[in-house]
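Notes follow the structure.
The values are calculated or read from the model by the stated rules, or taken from the named source; none is laboratory data. Treat the numbers as computed from the prediction; the structure is a model and nothing was measured. Positions of Cβ are backbone-derived with ideal geometry, glycine not excepted, and every protein chain shown enters the neighbour counts.
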Amino acid sequence: MLRFMLKETDEYDRLAEFMTRFGLDLSDKDRVGDQVLKCWKVVQEPDFLTGGIILSKRQGEFILDGIAVDAPLRRTGMGRIMVNKLVTEVRKLDGKRIYLAAKDPEFFEKVGFSEVEGNEAGNLFTCSGCGQKGDTCFPRIMKMEL
Ligand SMILES: CC(C)(COP(=O)(O)OP(=O)(O)OC[C@H]1O[C@@H](n2cnc3c(N)ncnc32)[C@H](O)[C@@H]1OP(=O)(O)O)[C@@H](O)C(=O)NCCC(=O)NCCS
């Protein structure tokens, strides 16, 4: 029987490499003021990486900075479980909302995010500087109110 575990991890670089494989761009992590707060991984035991999620803080706002699930395991609920973990953590930290730049808005709508109106997110996201924008990626800025 396959066993999966969701665990907190400090392996940011491992998760970033995993997410990059699925087309995510984490290249703005070194921006001044950015703080990676926590990362979680889902592993098939003992340590085969099958999913990951990253929580950051930027300009005082909580950001879901990246999430990915290994392709064969998608649509099995793993993404939702990781989002729920992150939401629980932000609530513990007394956060009132979470922002993200969504490559896959339909998934994020399903798990409780909605699209941000107008310029509400200001310059929280630098998608305009990413070479994928408008080419292979059509991001939408979304938020969840807690
Ligand atoms: C987006 C991603 C993390 C979703 O993970 P997942 O484990 O497949 O999601 P879940 O199985 O938990 O799905 C939760 C719900 O969203 C739905 N869903 C998942 N992906 C979806 C999609 N692409 N389009 C529409 N609905 C989707 C599921 O059907 C499920 O709905 P239900 O609760 O009504 O059954 C995964 O597809 C992925 O890794 N994609 C590549 C990386 C990526 O684009 N990450 C987002 C960057 S912003």
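List of remarks:
- The residue pairs whose first member lies in the stretch 59-83 and is under 18 Å from LYS38 (Cβ atoms), whose second member is more than 7 Å from the ligand (Cβ to nearest atom) and among the hydroxyl-bearing types (Ser, Thr, Tyr), and whose beta carbons are closer than 6 Å, counting only pairs six or more residues apart or on different chains, are GLU61/TYR99; ILE63/SER56; ILE63/TYR99; ASP65/SER56.
- ALA121 being more than 12 Å from the ligand (Cβ to nearest atom) and aliphatic (A, V, I, L, M): yes
- Residues located in the stretch 65-83, provided they are more than 8 Å from the ligand (Cβ to nearest atom) and either of a type in the set (Phe, Trp, Tyr) or within 25 Å of LEU124 (Cα to Cα) (or both): ASP65
- Odd one out for MET1 among (1) surrounded by fewer than 17 Cβ atoms within 10 Å (Cβ to Cβ); (2) in a strand (DSSP E or B); (3) hydrophobic (A, V, I, L, M, F, W, C): (2)
- Residue pairs whose Cβ atoms lie under 6 Å apart, separated by 6 or more positions or on different chains, with the first residue in the stretch 101-116 and over 14 Å from ALA68 (Cα atoms) and more than 6 Å from the ligand (Cβ to nearest atom) and the second assigned to a loop (DSSP other than H, G, I, E, B) and modelled with pLDDT under 95, do not occur.
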